[in-house]
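Engineer: Below are the structure tokens for one structure; questions will follow.
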Amino acid sequence: MTPPPHPTSGPGRDEVDRIIAGWHRARTDLDTAPLAVFSRISRLSRHLESARREAFSGAGLEGWEFDMLSALRRSGEDALSPGALAQQTLVTSGTMTTRLDKLTARGLVSRSRSPHDGRAVEVRLLAEGITRVDAAMERLLEAEEALLEPLAEADREALASMLRTLALGFEPVSSDDA
């Protein structure tokens, strides 16, 4: 299959265009079209990861701490069980216990027995946890807005829609509104 045409020069040419051109010269038999998408996603993810680290550290958090605190913050519930948190943050129960110990020691969350079921544990955000996760989220949204600045609103919406379609092929369809 013949690869799609790509820019060979000009201001709109990026490193991925140069990589694709190199592979086309080296192996004309390969369809390098997937590189045009996934190599750019990979490169953009590095910029996003850097922005995320900076946003979280500016609020005094690590990435995993933000994940945990934001799951609690957006849950709309007064508390979540460690199991529900583990499911939302994709960690094992052993990892969850260690993380909860650390967040509790920092005064960001509390753990207590459920008044409804004495065997169950409930995790709640404390005031300091709310302050930090809110600050991190504000910083993250500012950083992500800056990363998206080159795109017009309609282009952002179109890109989000296309990425959702692609992501749905890798994720189970959820009926949650979260």
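Engineer: For the stretch 21-45, name all the residues that are in contact with a helix residue (DSSP H, G or I) (Cβ under 6 Å, 6 or more places away or on another chain) and either open to solvent by 70 Å² or more (accessible area, probe 1.4 Å) or of a type outside the set (A, V, I, L, M) (or both).
Structural biologist: Selection gives Thr32, Ser39, Arg40.
Engineer: Here is a check on your reading of the model: is Ala120 open to solvent by less than 50 Å² (accessible area, probe 1.4 Å), over 28 Å from Glu171 (Cα atoms) and modelled with pLDDT under 95?
Structural biologist: So Ala120 fits the description; yes.
Engineer: Here's another thing I want to ask about it. Is it the case, given these coordinates, that Leu48 is in a helix (DSSP H, G or I) and either in contact with a helix residue (DSSP H, G or I) (Cβ under 6 Å, 6 or more places away or on another chain) or surrounded by 12 or more Cβ atoms within 10 Å (Cβ to Cβ) (or both)?
Structural biologist: yes
Yes/no matrix, rows are residues, columns are (1) at pLDDT below 95; (2) more than 28 Å from Ser45 (Cβ to Cβ); (3) acidic (Asp, Glu):
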| site | (1), (2), (3) |
| --- | --- |
| Arg74 | yes, no, no |
| Ala105 | no, yes, no |
| Arg111 | yes, yes, no |
| Asp134 | no, no, yes |
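Engineer: Also, quick follow-up: What pairs come up if the first residue lies in the stretch 102-115 and is open to solvent by 30 Å² or more (accessible area, probe 1.4 Å), the second is of a type in the set (Ser, Thr, Tyr) and assigned to a helix (DSSP H, G or I), and their beta carbons are under 8 Å apart, counting only those six or more places apart or on different chains?
Structural biologist: These pairs meet every condition: Ser110/Thr104; Arg111/Thr104.
Engineer: Restricting to the stretch 51-80, what's the tally of residues that are in contact with a strand residue (DSSP E or B) (Cβ under 7 Å, 6 or more places away or on another chain), open to solvent by 50 Å² or more (accessible area, probe 1.4 Å) and not in a helix (DSSP H, G or I)?
Structural biologist: 1
The values are calculated or read from the model by the stated rules, or taken from the named source; none is laboratory data. Remember, predicted model here, so these are calculated numbers, not experimental data. Cβ sites come from the backbone with ideal geometry, for glycine too, and all protein chains shown count toward neighbours. Remember, those area values only see protein heavy atoms, side chains included, never the ligands or the DNA or RNA. Shrake-Rupley method; radii C 1.70, N 1.55, O 1.52, S 1.80 Å.
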